[in-house]
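Quick notes on the structure that follows.
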Amino acid sequence: MPLLAIVIPLTTATPLMAFTGPTLSLFLLAREWRHIDWRGVRVLIFSTIAGIPFGLFILKRADSRLVSLLLAAVIILFALYGFFRPRLTRLQSGKSAAVFGFFGGVLGAAYNTQAPPIVLYGAFRGWPPEMFRATLQGYFLPTGLAILIGQGAAGLWTAEVLRIFLWSIPVLAAAAGIGRLLSSRIPPGKFNRWIYGLLLVSGAVLAMKVIF
């Protein structure tokens, strides 16, 4: 999302990512659906759906420069969290899931970046890696579809967005295969540092583009 926002307008990048997100989730869930904590993800899904109208309002009504700066800030903070991994207080119950899910809905509808609040929630809950990956994809598929429908109702499904998405499907399929290959060849710690480094750079470049 931050890479797209550097080269195309947010009103095009956001619905384009909304189309690609559920598509990728389908690829990933084919292997890992058995590890999903459905009971834990249910509250996250419904609270995310509740936050979607607020995110759509931000995307449609707020100043595009301010929205881009907020997106850059979210990405940079998330990348810094990934680098330093501060020790977090463990949440013993899922009572706060609705709060994290709501902010995921706002960020997802506005910027297609619903991941940071949900990743933080999983870290607070101490999900093991297999459950973490599978539960995230189990969350992203239904919420991604809800965000996609909401953006369509808001008039963001333009002919340009649909054209770019259709052209991107073969690239997505190839990229998913390459990603699986890389994940098996590169040590997880090093791979994660590369990903967070890319996020940090792309967030910084997006912020500089808006400022200068």
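Every number here is computed from the coordinates shown, using simple stated rules; none is lab data. A quick note: this is a predicted structure, and the numbers were derived from the prediction, not measured. Counting neighbours? That spans all protein chains shown, and the Cβs are built from the backbone with ideal geometry, glycine included.
What the table below lists for this structure:
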read-out: Theoretical FRET efficiency, 1/(1+(r/R0)^6), r = Cβ-Cβ of A176 and K60, R0 22 Å, to 0.05; value: 0.10
read-out: Helix-only [θ]222 nm of the chain, DSSP H runs n ≥ 4, -39500 (n - 2.57) each, per residue, nearest 500; value: -28500 deg cm²/dmol
read-out: Packing-based ranking, highest mean first, of 3-16, 165-178 given that Cβ atoms within 10 Å are counted; value: 3-16, 165-178
read-out: (i) 13.2; (ii) 11.5; (iii) 14.5, with the label sought being that of the calculated mean projected area of the Cα convex hull in nm²; value: (ii)
read-out: Cα→Cβ-extended label distance, 7 Å offset, between V7 and A153, nm; value: 3.3 nm
read-out: Kyte-Doolittle at least 0.5, axis length at least 18 Å by Cα - qualifying DSSP helices, the chain; value: 10-32, 38-61, 64-84, 97-111, 129-153, 159-185, 188-211
